[in-house]
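To start, the structure under review is shown below, and the notes come after it.
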């Protein structure tokens, strides 16, 4: 076995030490609920009758036997999300596969699945981050019927997978497998889409051209093909060992996808809690799996949203992941992939060039991943360095390609795009933030200039359209966008306008206590800033014209000037809380939510 990279080893040991008490408490709680007896046997006769009341006679008889696993399905199906539309038929397929494997299955419950692509720039985006915690609670409600010996989670997109993971970890005494459905076929090339968006922001094309480009990009069932949060989720489920190996980026429709879903059911049956060799979720998601997830994120240039989601998922397992862990690992992990917005290719091109199997094998060969982990597939991560194929109709795995099939998209550790990953922590007298620089050119990673301060992204966009922004280089500050202020909506609507100014040869950057999209790209952005403005953080004292430094290379975010005078300033007043469109229902969440650097969750 390859010796573990010293930085990966040191950060892992630090994480284990920091999490010792909370992890022990979590594992003790899980141990209280482990049992080899079927869960349904603990129910009273009346409780049990409710469980099987709607089942057919054969399933009722099968469920009465101790050695027959009952698999609970938690589904995020809806037919508005292209990625989740294929799940429509999954429950009946899973039941068929379960019966053929000597088991039964039931849909335990559904979870909400909102689309950030629909709510970008709209009031609904203020519910997006909180939907993750609602999904976690909904997962718990589904599984709390306590009638299942294993579970399958059907989910793909942005907050949905992290929420499912968090909820399922509360039931870590169960084996849990995540079942993806795959990406849509490639549409309009991503650089063309970005070009039209920028032209529209500059007023060079009309809404008809913009709509045509967007419809050509998002055009079919399956995950959106850029490498945003949804596809970063799928990468994480592979690297953290929660998928059937190689399941992430196989297209939604076809025999291989069906075979992978069947394999997930068969493995859930084989490893169920009432079988001889159960694989509990609590044993799959440990400190090493969390570190593997961070390494995978860095090596592939994944979504900044996971600077929120990974700490939140980790805390659900009693593990205290901090931004400094991501930052230190970023200096040790090479960037192996360029997928839009970090390059021109989409995830289908990435998959064809070698995909996740290639990345995992390369990282293992360099000692950058923990191989000796438990996965839903068994012991060891090496199985995920392979790719699934059908051989005469039988699902088998072969080694991932020995070389990348396109080094413009995917490279080995011996020839990376960059010697280090793109996620950094920024610190200074304005607080602490994160930035992603894998798509930011080196000459755009440092800017020191006047701030233009806004309390809402719409105010910035209005100033952009009216030409009321500073001439030359400047830093756009958008505050009161943190979890406590308004639920921390993504600020993706800023990207075309900021990109247009960058294309004019100006240096611009963004500073915010809010989030950018998983598709954040070429503009330097210091985001997730804590303390947030609503807590009186330093960002609340900034004024337009103040000099600010954003130094992504050296990890600095600072106000430049008289610090004593700056500290004595009164904080800006919080704008009135918006309500309507469901936002008023989440006021308790805004009062309870934790800081961005601990995951922005209402639970911790």
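To keep it simple, each residue is scored yes or no on (1) farther than 21 Å from residue 459 by Cβ; (2) within 30 Å of the chain's Cα centre (by Cα).
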residue: 551; (1), (2): yes, yes
residue: 560; (1), (2): yes, no
residue: 564; (1), (2): yes, no
residue: 573; (1), (2): no, no
residue: 578; (1), (2): no, yes
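Scanning region 391-404 for residues that are exposed (fewer than 14 other Cβ atoms within 10 Å of the Cβ) and part of a loop (DSSP other than H, G, I, E, B) yields 392, 393, 402, 403. Just to be sure before I move on: is residue 262 part of a loop (DSSP other than H, G, I, E, B) and surrounded by fewer than 24 Cβ atoms within 10 Å (Cβ to Cβ) in the structure I sent? Criteria not met by residue 262. Taking (1) assigned to a strand (DSSP E or B); (2) in contact with a helix residue (DSSP H, G or I) (Cβ under 7 Å, 6 or more places away or on another chain) in turn, residue 413 satisfies each apart from (1).
Checking 230, 194 one by one, the residue that is outside the structural domain of residue 259 (by TED's automatic domain parsing), part of a helix (DSSP H, G or I), in contact (Cβ under 8 Å) with a residue 40 or more places away in the chain and within 23 Å of the chain's Cα centre (by Cα) is 194 and no other.
Taking the stated definitions as given, is residue 308 crowded, with 24+ Cβ neighbours inside 10 Å, in contact (Cβ under 8 Å) with a residue 12 or more places away in the chain and part of a helix (DSSP H, G or I)? Yes; evaluated as a whole, the condition is true for this residue.
Considering only residues of region 91-118 that are within 24 Å of the chain's Cα centre (by Cα), crowded, with 18+ Cβ neighbours inside 10 Å and part of a helix (DSSP H, G or I), which is modelled with the lowest pLDDT? Across region 91-118, the extreme among qualifying residues is 117. Given the structure, is residue 225 part of a helix (DSSP H, G or I), assigned by TED's automatic domain parsing to the domain that holds residue 298 and crowded, with 20+ Cβ neighbours inside 10 Å? It is false that residue 225 is part of a helix (DSSP H, G or I), assigned by TED's automatic domain parsing to the domain that holds residue 298 and crowded, with 20+ Cβ neighbours inside 10 Å. Just one of the listed residues (343, 367) is crowded, with 20+ Cβ neighbours inside 10 Å, assigned by TED's automatic domain parsing to the domain that holds residue 166 and either part of a helix (DSSP H, G or I) or in contact (Cβ under 8 Å) with a residue 12 or more places away in the chain (or both), and it is 343. For the residues 65, 81, 61, the requirement of being without any contact (Cβ under 8 Å) to a residue 24 or more places away in the chain, in a loop (DSSP other than H, G, I, E, B) and out of contact with any helix residue (DSSP H, G or I) (no Cβ under 8 Å at 6 or more places or on another chain) singles out 65. Name every residue in region 454-480 that is surrounded by 21 or more Cβ atoms within 10 Å (Cβ to Cβ) and under 19 Å from residue 538 (Cβ atoms), in order of residue number. 454, 474, 475, 476, 477, 478, 479, 480, listed by residue number.
The values are calculated or read from the model by the stated rules, or taken from the named source; none is laboratory data. Just so you know, these numbers come straight off a predicted model, no measurement behind them. With ideal geometry, Cβ positions are generated from the backbone for all residues, glycine too; neighbour counts draw on all protein chains shown.
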